[in-house]
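Worksheet: one structure, shown below.
No value in this document is a laboratory result; all are computed from the given coordinates. Quick caveat, the model's predicted, so the values are computed rather than measured. Cβ coordinates were reconstructed from backbone atoms using ideal geometry, including for glycine residues, and neighbour counts include every protein chain displayed.
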Amino acid sequence: MQLPPQLLDILRKASRVTVLTGAGISADSGIPTFRDPQHGLWSRFRPEDLANAEAFKRDPALVWGWYEWRREAVRAAEPNPAHLALATLEHRVPGFTLITQNVDGLHARAGSRKLVELHGNIMRNKCFAEGTVVEQGVDDGEPPPKCPRCGGPLRPDVVWFGEALDEQHMATADKAARECELFLVIGTSAAVMPAAHFPRVALQSGAVLVEINRDETPLSAVSHAVLRGPAALVLPHLLNTAWPGN
């Protein structure tokens, strides 16, 4: 893949880089996207009908079972070269922020620490009543497990339909978008708000916008550079070309 020389120069010199990732970066780890067809028992349901508080109130065991099925895919997956490349880039750039729409936790497992998980993490649980993260629930034989403090049901620590994103996460992401010199958009359709807002904020603030995606998106036409292909191939190639031999 031929990389624009100007992009390589910008990447080497940038002291503030912000990255937004979506489902496309984890597709190379074998994790199905939220919109992929359901299988087996779950083919009867739409994700939107399960990923909400009302569904959990009606049938917590059903919703918990669906998330356990999704967690199986996450447990079986490993961070791919794109996740590892971003963890490496974090060490090279003083002002680095990684914003992800993904809930699979693969960025953290790859070593990323300056990380904003906008939609939460499917491998964590929190109390449905209190909203606090719970390390270990009480299993009484009836799913879902119970909160050890109040006895209420546990739920995955993810943002459901109809719920607001964490205000602190939003503020951190917005600040990183406004202050960066280079903004990388990787594996996301750039169409779902509010995450789709951040690349445009960066662009309006004067950052260089680079898209890495297999397909065209609404951002393609306004990006300074577009790199087509799977992130697991494009990102390592970009870093290895910018810093050969490292």
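How far apart, in nm, are the 7 Å Cα→Cβ label points at residue 68 and residue 132?
Inter-label distance under the simple model: 2.6 nm.
Between residue 142 and residue 13, how many nm apart are label points set 7 Å from Cα along the C-beta direction?
Calculated label separation equals 6.5 nm.
Only four residue types carry charge here, +1 at the Cβ of Lys and Arg and -1 at the Cβ of Asp and Glu. Report the dipole size of the chain about the Cα centre in Debye, rounded to the nearest 20.
Dipole about the Cα centre, nearest 20: 480 debye.
Expected output is a single nm value to one decimal: the length gained when fully extending between residue 214 and residue 191, i.e. 0.36 nm times separation in residues minus the C-alpha distance. What is it?
Difference between extended and current length: 6.8 nm.
Assuming R0 = 45 Å, what is the FRET efficiency of residue 161 and residue 92, from their Cβ-Cβ distance, to the nearest 0.05?
After rounding, the FRET efficiency stands at 0.75.
Going by C-beta contacts inside 10 Å, put 198, 45, 96 in order with the fewest on the left.
45, 96, 198
Among DSSP bridges having both ends in the chain, what percentage is antiparallel? Round to the nearest 5.
The antiparallel fraction comes to roughly 25 percent.
So I have (i) 59, 35, 33; (ii) 48, 38, 34; (iii) 52, 36, 31, and one of them is Cα extents along the principal axes in Å calculated from this model. Which one is it?
Step by step, Cα extents along the principal axes in Å for this structure corresponds to label (i).
What helices does the chain have that are whole DSSP H segments, at least 15 Å long along their own axis by Cα, and with mean Kyte-Doolittle hydropathy of -1.0 or more?
Those that clear 15 Å and a mean of -1.0 are 60-76, 81-92, 231-242.
If I take every Cα pair under 8 Å that is 6 or more residues apart in the chain, average their sequence separation and divide by the length, what percent do I get for the relative contact order?
With pairs under 8 Å counted, the relative contact order is 25 percent.
So, R0 is 51 Å and r is the distance between the beta-carbons of residue 200 and residue 59; what FRET efficiency does that work out to, to 0.05?
0.85
Given a Förster distance of 22 Å, report the FRET efficiency between residue 221 and residue 178 from their Cβ-Cβ distance, rounded to the nearest 0.05.
0.50
Using Cα-Cα distances under 8 Å and only pairs 6 or more residues apart, what relative contact order does the stretch 114-204 have, in percent?
Relative contact order for the stretch 114-204 comes out at 25 percent.
Counting DSSP beta bridges with both partners in the stretch 91-204, what percentage is antiparallel, nearest 5?
75 percent
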